[in-house]
Amino acid sequence: TQLLEQSPQFLSIQEGENLTVYCNSSSVFSSLQWYRQEPGEGPVLLVTVVTGGEVKKLKRLTFQFGDARKDSSLHITAAQPGDTGLYLCAGFSVGADGLTFGKGTHLIIQP
Amino acid sequence: DTAVSQTPKYLVTQMGNDKSIKCEQNLGHDTMYWYKQDSKKFLKIMFSYNNKELIINETVPNRFSPKSPDKAHLNLHINSLELGDSAVYFCASSYTTGNYEQYFGPGTRLTVT
């Protein structure tokens with residue numbers, strides 16, 4: 001069974017601070033997706049990373065896929081209250097039974 | 001227009017009852033999924049359907065049965081509900097199987113009393 005461990009599980013910081021969320025596994029994934037989920041809603045895709053070492057930027061969010069494709073990170077610069085939510089990483093492997101989701105990072109940005 | 005819709009949004013029922021949750025997607029996708037999200041927000045896949053054929057069936061009790069009348073709909077029927085079935089159930093769809101973005105519905109919060 002492939003597992004994705006996310007850390008930290010909970011993070012509460014002040015507006016304007018920077019933060020990094022990690023997603024780690026002992027398994028290799030073909031690709032990794034990051035989703036954000038707000039209360040009462042379903043997850044929404046933020047980005048997909050495919051190539052080892054790949055870096056993608058989405059405004060103040062920077063996503064990186066590890067060289068060995070076993071881990072990923074999400075860095076947020078100058079966090080804003082609108083960034084508050086549950087961040088989920090999900091890995092895909094060819095031949096596996098769909099996406100494997102991590103347990104999520106609950107992020108709270110306080111004004 | 002809502003891409004993936006689910007009904008009902010909330011469902012409260014007693015143990016032993018049978019209930020259904022409906023899901024529809026208007027994205028023209030070939031693959032649809034059902035996920036269960038527990039109280040700790042862990043999202044776990046239950047089923048997926050590709051062109052009306054079940055292609056994933058995780059270790060889900062056979063009290064849960066997905067039904068797909070066409071590729072735009074994937075309903076979830078649950079027999080003999082148990083307390084442990086209380087969770088939020090999400091429907092999702094993707095272009096096809098594999099490494100494609102999944103579009104999630106708003107979820108159905110099921111509470112079994």
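Things to note:
- Taken over the C-alpha atoms, the protein assembly as shown has Rg and Dmax values of 17.6, 51 angstrom.
- Between residue A:27 and A:3, the built amide H atoms are under 5 Å apart, and every one of these is 5 or more places off in sequence or on another chain.
- For chain A, the dipole from Cβ point charges (+1 on Lys and Arg, -1 on Asp and Glu) about the Cα centre works out to 200 debye, to the nearest 20.
- Summarising the label geometry, the points placed 7 Å from Cα in the beta-carbon direction at residue A:78 and residue B:80 lie 5.9 nm from one another.
- Leading residue at positive end of dipole, the protein assembly as shown (Cβ point charges), from A:73, A:40, A:8: A:40
- Taking the Cα centre of chain B as origin and assigning +1 to Lys and Arg Cβ atoms and -1 to Asp and Glu Cβ atoms, the resulting dipole is close to 280 debye.
- Summarising the amide proton neighbourhood of residue A:47: residues at separation of 5 or more, or on other chains, whose placed amide H is nearer than 5 Å comprise A:34.
- Mean Cα-pair separation over length for chain B, i.e. relative contact order, pairs under 8 Å, 6 or more apart, %: 37 percent
- Computed FRET value (nearest 0.05) for residue B:52 with residue A:51, which takes r as the C-beta separation and R₀ as 30 Å: 0.30
- Reducing the range A:48-68 and the range B:61-79 to their Cα centroids gives an inter-centroid distance of 36 Å.
- Column: log10 I(q)/I(0), Debye, Cα scatterers of the range B:35-113, q = 0.16, 0.22, 0.27 Å⁻¹: -0.61, -1.16, -1.61
- Length-normalised contact order of chain A in % [C-alpha pairs under 8 Å, at least 6 apart]: 36 percent
- Dipole of the range B:49-109, positive direction: furthest Cα of B:73, B:108, B:87, with charges on the beta-carbon: B:73
- Over 22 Å [Cα-Cα, the range A:21-111], rounded percent: 24 percent
- All lysines inside 21 Å of residue B:22 as judged from Cα atoms, apart from same-chain residues fewer than 8 positions distant: B:9, B:36, B:44, B:52, B:67, B:71
- Mean per-residue shielding of peptide A:33-39 is 2, counting Cβ atoms of other chains within 10 Å of each Cβ.
Each reported figure results from applying straightforward, stated rules to the coordinates on display, with no laboratory input. This structure is a prediction, so every number in the text was calculated from the model and none was measured. Using ideal geometry, Cβ is built from the backbone for each residue, glycine included, and neighbour counts are taken over all protein chains shown.
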